[in-house]
Each structure stands twice: as C-alpha cells, then as structure tokens.
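One structure is given below, encoded as structure tokens.
Every number here is computed from the coordinates shown, using simple stated rules; none is lab data. Treat the numbers as computed from the prediction; the structure is a model and nothing was measured. When we count neighbours, we look across all protein chains shown, and the Cβ atoms used for this are built from the backbone with ideal geometry, even at glycine.
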Amino acid sequence: MNEGKVRPMRMDDLEAIMEIEVSSFSTPWSLQAFKAELKDNEYARYTVLEVEGKVVGYMGLWFILDEGHITNVAIAPNFRGKHWGEFLMRSVMVKMIEEGMERMTLEVRASNSPAQSLYSRLGFKTAGIRKGYYADTGEDALIMWVDLGMEVNRA
C-alpha cells in the first residue's frame, strides 16, 4: 500500500471532497453543507485521507461530550477495496481517543454489507435500527456503536 496521510479537512479540499461525495451517495451533501460544517459547527471534526498528495477520502464526525457521531465517510471509487477506508477510520479513531472521545456511533444502510463488514472489523456492534431512515429510498439504517478504549487498543 502506498503511503497515506490523514489530516484535518480544509476549505481548499472541498472540490475533491464533492467529487467523492457525488460519486459515493445517491443523496450527496451540498458544497454549502460541507462549508457550514467546517466554518460554523464547533462540534465538527472533518478529516481527509491523502494518497500521493491527492485527497481520496474523508470522514466527518461530531464530537459531543465524550462521544463521536460519524456523519459521513467515503473513499474515492478507484481507491475502494484497498483498505483505505479502514486506514482512515483507524487513524481518526486513534486521534479521537487522544482528544478524550470514549465511544463512536454511526448509521449505515441495512443493504450496505461492505461498510458493515468494515465497521465490524473496527469493533462496531449493531445496537438498533432506524426504520425508514434514508429519505431517498425509505431504507432502514443500522445504528452501530464502538467503545474506543476496548477496540482501538486491540487493533
């Protein structure tokens, strides 16, 4: 695997982020939504993954008290299946432990088996279902949680 670098997202990353976002989701976030997260949300932590100087992935989360809620995570299509998503998430999880985060949660489409498999490898466990969570299809979301102290230290 080539050398990957994880760093905080910047405004000048947003063009690359939008390309990944649009290619990854049926209802992508808007450019304005990302700008608002970066500028106006004191709870937001957004991170990018660079490979060979190019932004190829990102992850966003809200850090509230000692918990993180993952808002979005995506890897550029031509970098999927090469463990970059796992690299990005593990890197962010370690950083969040350093900042005092104890648990993380996310929602994932019930049909998204590849993502569920990744999250399970990272120690996330299904804790519930949000019925009809995804507005575009009415699909359910699985709610997954991980206790960071238990899982990242094991990885």
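Once both labels are positioned 7 Å from their Cα atoms along Cα-to-Cβ, the gap between E15 and D66 label points is 4.3 nm. For K131, the aspartates and glutamates whose Cα falls under 17 Å of its own Cα, not counting residues fewer than eight places away in the same chain, are E107, E139, D140.
Here is the link list: K39/K95; K95/K125; K39/K82; K35/K95; K82/K125. Which ones come out longer than 28 Å on Cα distance?
Values: K39/K95 21 Å; K95/K125 21 Å; K39/K82 32 Å; K35/K95 22 Å; K82/K125 23 Å.
Distance filter (> 28 Å) returns K39/K82.
Between A36 and N78, the simple spin-label model (points 7 angstrom out along Cα→Cβ) gives 3.3 nm. Cross-link partners for K54 among the aspartates and glutamates, with Cα-Cα distance under 17 Å and sequence neighbours closer than 8 places in the same chain left out: E3, D12, D13, E15, E19, E21. Among R121, R90, a tally of other beta-carbon atoms within 10 Å of each Cβ gives an order, fewest to most, of R121, R90. In terms of its C-alpha gyration tensor, the chain has a rounded overall shape, because the principal axis ratio a/c (a ≥ b ≥ c, square roots of the eigenvalues) stays below 1.5. Look at I70, I97 and count the other Cβ atoms within 10 Å of each Cβ; fewest to most, that gives I97, I70.
For E50 and A135, calculate 0.36 nm times their separation in residues minus their Cα-Cα distance, and state this gained length in nm to one decimal.
Values: separation 85, 0.36 × 85 = 30.60 nm, distance 3.10 nm.
Stretched fully, the E50-A135 segment lengthens by 27.5 nm.
Taking G60, G85, G123 in turn, the Gaussian network model of the chain (Cα-Cα springs below 10 Å) assigns the largest fluctuation to G123. Here the simple spin-label model places points 7 Å from the Cα toward Cβ, and for W145 and Y43 these points are separated by 1.6 nm.
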